[in-house]
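First up is the structure itself, then whatever we jot down about it.
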Ligand SMILES: Nc1ncnc2c1ncn2[C@@H]1O[C@H](COP(=O)(O)OP(=O)(O)OP(=O)(O)O)[C@@H](O)[C@H]1O
Ligand SMILES: [Mg+2]
């Protein structure tokens, strides 16, 4: 009797204590968020619009800004689909088959997360730059990768390739391969099985990965900066253009262009929340495990 | 369609999952693969279905080697241990799947597909669940949908991996009788895996008892139960008492090391000594339904023997705890130890 009484008492104390702790933790977390995320985000828009809409628009309509936007969109438009195909293929292989070197592949997929983006960029310069390993060969054939658009696309792919694969691997591993086996034994071809069984099961995880991959592809600075050469109107992406404007003390323009990236971040967050909400309501597994 | 398995071997690395399996499944029969966990039942079933590949040996369907045919071409219905229903499809679409993925030339019209699916859902008595998703079904319902889905492509062979493994006893019993009736209606050659001896004994035409990748015995349920050919089968199917020759040479009646196997219901009791009877002391008396189970201690070290008597038999010799009795076997099987 007395022990059960004690138990109840203990629990009361426990909840009482944890309430205060919870409150403190929430306050700290919110304050931290506000300080490091909320205020800077506000500052971006405040600075961008501080001198009025006219200047804001003018900054965005500058031809150099336009070409930066264009290049960013091109890089993302190539990198995201490429990594989509690669991510699905890699996750499929890792989750559904046993093969030699599987753990090596998993480690390799994580490489871009482990390596600093600047170093990633340098690797590409080392490989394809004028003094690089393949430099002479490329020059002979009149192919220019470094300090040109193709180099930017390449490093963007490199830096963002873990996102989709990483999102799908745990999801596909958890789902196992029984449904695919059932489909095959019912007479479906590999192609039919993929489209009718695998894809519907991973579609939310896939979308989630695409959103994150896209955000990073558009926002990447370090690696792109190394291989771009910063040629205005030619090899500048949005993040690089922002830096140039800022270094020229052109604050309004810098923040105006930066506000595009901030908007992208907000849209990404919104899309991510919608996907998460959908997944929860669908009752299927959450694509959890943020990779960064 | 008959299935012939010849000298089949399967290894996972150094581990031998199936060791030289030879087996004939007759056309139209319902065969049970019975054995303890990890003995290779699923492995064998998957190889028959083409979902796994053997290291050596042959599988013949109706006398034809099926090595060149993968799972897709074997026309085998497979019911998975955990159902493996397509979670994003309704029950209707699950059952229709096999019909929808057929090559264009062979594919039925939409009305025909609809008719077939509803026919199958009626067969498994779940037509009213057509619009639900798998997550909204009970275990027993999922099992039946999985079966309907497998039957949709009119397989000539049906493979079921522990079809009732995840269900509670009552539902299991219902479903296995239902499966038996269904099999009698459809006459598809069926192999089903189970580790539940009662299930195998009740449902199957023949039973294959497996142990550690080997086939121990093949026979009718009666045969396997009454005439086990190895100690393993004796112990695995039904309860059994063991009497070692060292302590009970009287019963083993064999020179050298031997063990006598006696079923609890093959032991009789009396209050006075009989020919070749052993003295024992009653330790427990339990009436369970139509039978009475006794536990009696024999010998110095108080080895416990299980005895099962019908109620009528018990009423003729009613005994109570601590009574001294004499026991003797009506039927006994001796194996060398
Ligand atoms: N893919 C695999 N890799 C390695 N070992 C495996 C693999 N599949 C099965 N095995 C091993 O082979 C043996 C037989 O497995 P199997 O699944 O056929 O057993 P089972 O009789 O179906 O058991 P259960 O009743 O528990 O389902 C087990 O010891 C298992 O560990
Ligand atoms: Mg199994």
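The values are calculated or read from the model by the stated rules, or taken from the named source; none is laboratory data. If you're wondering where the values come from, they're calculated on a predicted model, not measured in any experiment. Don't worry about glycine lacking a Cβ; one is built from the backbone with ideal geometry, like all the others, and counts go over all protein chains shown.
Residues in the range A:19-64 that are outside any helix (DSSP H, G or I) and without any contact (Cβ under 8 Å) to a residue 12 or more places away in the chain: A:52 alone.
The residues of the range B:11-22 that are within 14 Å of ligand 2 (Cβ to nearest atom) and surrounded by 14 or more Cβ atoms within 10 Å (Cβ to Cβ), listed by number, are B:17, B:18. Mind checking whether some residue in the range B:12-24 is at pLDDT 90 or above, closer than 23 Å to residue A:180 by Cα and either part of a loop (DSSP other than H, G, I, E, B) or within 13 Å of ligand 1 (Cβ to nearest atom) (or both)? Within the range B:12-24, one or more residues are at pLDDT 90 or above, closer than 23 Å to residue A:180 by Cα and either part of a loop (DSSP other than H, G, I, E, B) or within 13 Å of ligand 1 (Cβ to nearest atom) (or both). Note on the range A:254-292: residues that are at pLDDT 80 or above and exposed (fewer than 14 other Cβ atoms within 10 Å of the Cβ) amount to 8. Scanning the range B:180-198 for residues that are within 16 Å of ligand 2 (Cβ to nearest atom) and surrounded by fewer than 23 Cβ atoms within 10 Å (Cβ to Cβ) gives B:195, B:196, B:197. Filtering the range B:212-248 to residues that are surrounded by fewer than 19 Cβ atoms within 10 Å (Cβ to Cβ) and in a strand (DSSP E or B) leaves B:214, B:218, B:219, B:242, B:244.
I need the full set of residues from the range B:152-176 which are out of contact with any helix residue (DSSP H, G or I) (no Cβ under 6 Å at 6 or more places or on another chain) and within 20 Å of residue B:102 (Cβ to Cβ), in order please. The answer is B:154, B:155, B:156, B:157, B:158. Taken together, B:60, B:51, B:33 contain a single residue that is at pLDDT 90 or above, under 16 Å from residue B:8 (Cα atoms), within 16 Å of ligand 2 (Cβ to nearest atom) and not in a loop (DSSP other than H, G, I, E, B), which is B:33.
Test residue B:87 against the criterion of being within 29 Å of residue B:166 (Cα to Cα), touching a residue at least 12 places away in the same chain (Cβ under 8 Å), within 14 Å of chain A (Cβ to nearest Cβ) and away from ligand 1 (no atom under 16 Å from the Cβ), and give yes or no. Working first, answer last.
Values: within 29 Å of residue B:166 (Cα to Cα): yes; touching a residue at least 12 places away in the same chain (Cβ under 8 Å): yes; within 14 Å of chain A (Cβ to nearest Cβ): yes; away from ligand 1 (no atom under 16 Å from the Cβ): yes.
Yes, satisfied.
Screening B:121, B:99 for residues that are away from every other protein chain (no Cβ under 14 Å), surrounded by 15 or more Cβ atoms within 10 Å (Cβ to Cβ), touching a helix residue (DSSP H, G or I) at 6+ places or on another chain (Cβ under 6 Å) and closer than 30 Å to residue B:176 by Cβ leaves exactly one candidate, B:121.
When you look at residue A:99, is it in a loop (DSSP other than H, G, I, E, B) and at negative phi, yes or no? Give the derivation first.
On the way: in a loop (DSSP other than H, G, I, E, B): yes; at negative phi: yes.
Yes; evaluated as a whole, the condition is true for this residue.
crowded, with 23+ Cβ neighbours inside 10 Å and within 14 Å of chain B (Cβ to nearest Cβ) - does that describe any residue in the range A:213-227? No: the range A:213-227 contains no residue that is crowded, with 23+ Cβ neighbours inside 10 Å and within 14 Å of chain B (Cβ to nearest Cβ). Any residue in the range B:33-40 that is in contact (Cβ under 8 Å) with a residue 60 or more places away in the chain, over 24 Å from the mean Cα position of the chain (by Cα) and away from every other protein chain (no Cβ under 14 Å)? Looking for residues that are in contact (Cβ under 8 Å) with a residue 60 or more places away in the chain, over 24 Å from the mean Cα position of the chain (by Cα) and away from every other protein chain (no Cβ under 14 Å), one finds none in the range B:33-40, hence no.
Within the range B:299-314, restricting attention to residues that are touching a strand residue (DSSP E or B) at 6+ places or on another chain (Cβ under 9 Å) and assigned to a helix (DSSP H, G or I), which residue is surrounded by the fewest Cβ atoms within 10 Å (Cβ to Cβ)? Working first, answer last.
Going through the range B:299-314, the residues touching a strand residue (DSSP E or B) at 6+ places or on another chain (Cβ under 9 Å) turn out to be B:299, B:302-311, B:313-314.
This time we only want the ones that are assigned to a helix (DSSP H, G or I), so: B:311, B:313-314.
On the way: B:311: 12, B:313: 14, B:314: 19.
Only one residue tops the list, namely B:311.
Is it fair to say residue B:284 is over 30 Å from residue B:229 (Cβ atoms) and in contact with a strand residue (DSSP E or B) (Cβ under 8 Å, 6 or more places away or on another chain)? Full working, then the answer.
On the way: over 30 Å from residue B:229 (Cβ atoms): yes; in contact with a strand residue (DSSP E or B) (Cβ under 8 Å, 6 or more places away or on another chain): yes.
Taking the combined requirement at face value, the residue satisfies it.
Residues being part of a helix (DSSP H, G or I), touching a helix residue (DSSP H, G or I) at 6+ places or on another chain (Cβ under 7 Å) and under 20 Å from residue A:193 (Cβ atoms) are entirely absent from the range B:77-87. Could you tell me whether any residue of the range B:165-179 is within 16 Å of ligand 2 (Cβ to nearest atom), crowded, with 21+ Cβ neighbours inside 10 Å and assigned to a loop (DSSP other than H, G, I, E, B)? Among the residues of the range B:165-179, not one is within 16 Å of ligand 2 (Cβ to nearest atom), crowded, with 21+ Cβ neighbours inside 10 Å and assigned to a loop (DSSP other than H, G, I, E, B), which makes the answer no.
Taken together, B:76, B:66, B:25 contain a single residue that is surrounded by 22 or more Cβ atoms within 10 Å (Cβ to Cβ), away from ligand 2 (no atom under 16 Å from the Cβ) and within 14 Å of another protein chain (Cβ to nearest Cβ), which is B:76.
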